[in-house]
Amino acid sequence: MGDPQDPTAVRVGWIGTGRMGFALARRLVGAGYDLAVFNRTRAKAEPLADLGAEVVHRPADLADRDVVFVIVSASADLAAVLTGPDGLLTDPVTAPRIVVDSSTVSVDASATARAAASGRGAGFLAAPVSG
């Protein structure tokens, strides 16, 4: 991963473009980061494409990113986007360097996600938000 202060050196992925996720992702793309996004309802992510983000078809398409932020609404949703079919951590060869989970989920769900990321060689940071 390149210099985190240089937005052109860090490839960022984003999963979850609801109210808070969209606003945060918009800030990253506005700051010049190479941003690719996934949302289960693709139409919610499409406006980010107009700003310069790439919209991908499945979470696994973000596996080659340096950092992937996740902000989904429930524990089951976190499991689905990380380890479910086409999940971020399901590519047998590639995994992001760091997963930052900003979902508000149970402690058990966060621990399970951390173990899944660790098993793929990815760092995991629980950074839940509420709002």
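Rolling a 1.4 Å probe across the protein heavy atoms gives the chain an accessible surface of 51 Å² per residue. Here the contact order of the chain, divided by its residue count and restricted to Cα pairs under 8 Å and six or more residues apart, works out to 20 percent.
Can you give the helix-only mean residue ellipticity at 222 nm for the chain, where every DSSP H stretch with n ≥ 4 adds -39500 (n - 2.57) and the sum goes over all residues, rounded to the nearest 500 deg cm²/dmol? Result for the chain: -10000 deg cm²/dmol, rounded to the nearest 500.
Can you pull the Rg over Rh of segment 37-100, Cα-only, Kirkwood? Radius of gyration relative to Kirkwood radius: 0.95.
For segment 11-131, the calculated P(r) over all alpha carbon pairs, in 5 Å bins from 0 to the bin holding the longest distance, is 2, 13, 25, 27, 20, 10, 2, 0 percent. With all protein chains present, how much of the accessible area of the chain (probe radius 1.4 Å) comes from carbon and sulfur, to the nearest whole percent? Ligands and nucleic acids excluded, carbon and sulfur give 54 percent.
The values are calculated or read from the model by the stated rules, or taken from the named source; none is laboratory data. Not measured: the values here are computed from a predicted model. The protein model used for the area step is the full one, side chains on, heavy atoms only, and it has no ligands, DNA or RNA in it. Shrake-Rupley method; radii C 1.70, N 1.55, O 1.52, S 1.80 Å.
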